[in-house]
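Q: Quick one: this structure, given as structure tokens, is what I'll be asking you about.
The values are calculated or read from the model by the stated rules, or taken from the named source; none is laboratory data. Remember, it's a predicted structure, so these values are computed and weren't measured experimentally. Cβ placement follows ideal geometry from the backbone for every residue including glycine, while neighbour counts extend to all protein chains displayed.
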Amino acid sequence: QKMQGVGTRRQALCITHLAQVAACAHQHLFVSKSVDGDRTSSQLRFLTTQERIEEIARMLGGVDITDRTRAHAQELLQENSTLRPVLSIVS
């Protein structure tokens, strides 16, 4: 609830591995890292609605994602009213 309150007045970034916390977000970003020789780089991208469901399901179920896990992930997102089209970001 405190993060939600902060988010109504300011932009907030939360890094979590808890599906119940992640399901409260308005948007999800996926961060990945790659190594090429002695150079390491990070990539960041916004997830689509379906990717959000898959990522929440992965947090809930680990490696083996089932239809039941996906349904639970979708339910978490719907309960938190965040299953809506992803906003486009203009840079």
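Q: Looking only at residues that are in a loop (DSSP other than H, G, I, E, B) and surrounded by 10 or more Cβ atoms within 10 Å (Cβ to Cβ) in segment 1-23, which one is modelled with the lowest pLDDT? Explain how you work it out, then say what you get.
A: Step one: of segment 1-23, the residues in a loop (DSSP other than H, G, I, E, B) are 1, 10-18, 23.
Narrowing further to those that are surrounded by 10 or more Cβ atoms within 10 Å (Cβ to Cβ): 12, 14, 16, 18, 23.
Details: A12: 79, C14: 84, T16: 88, L18: 91, A23: 91.
The selected residue is A12.
Q: When segment 33-50 is examined, which residues are found to be part of a strand (DSSP E or B) and touching a residue at least 12 places away in the same chain (Cβ under 8 Å)?
A: First, pick out the residues of segment 33-50 that are part of a strand (DSSP E or B): 33-36, 39-46.
Residues satisfying the conditions are Q43, L44, R45, F46.
Q: If I go through segment 61-78 residue by residue, how many of them are over 16 Å from H28 (Cα atoms) and outside any loop (DSSP other than H, G, I, E, B)? I'd like the intermediate steps shown before the answer.
A: Residues of segment 61-78 over 16 Å from H28 (Cα atoms): 61-72, 75.
Right, trim to outside any loop (DSSP other than H, G, I, E, B) and you get 61, 67-72, 75.
Of the residues in that region, 8 qualify.
Q: Hey, E75 hits all of (1) modelled with pLDDT under 90; (2) over 12 Å from the mean Cα position of the chain (by Cα) but one; which does it fall short on?
A: All conditions pass for E75, except number (1).
Q: Can you tell me which residues in segment 24-49 are over 21 Å from I65 (Cβ atoms) and surrounded by fewer than 10 Cβ atoms within 10 Å (Cβ to Cβ)?
A: Those that are over 21 Å from I65 (Cβ atoms) and surrounded by fewer than 10 Cβ atoms within 10 Å (Cβ to Cβ): K33, S34, V35, D36, G37, D38, R39, T40, S41, S42, Q43, L44.
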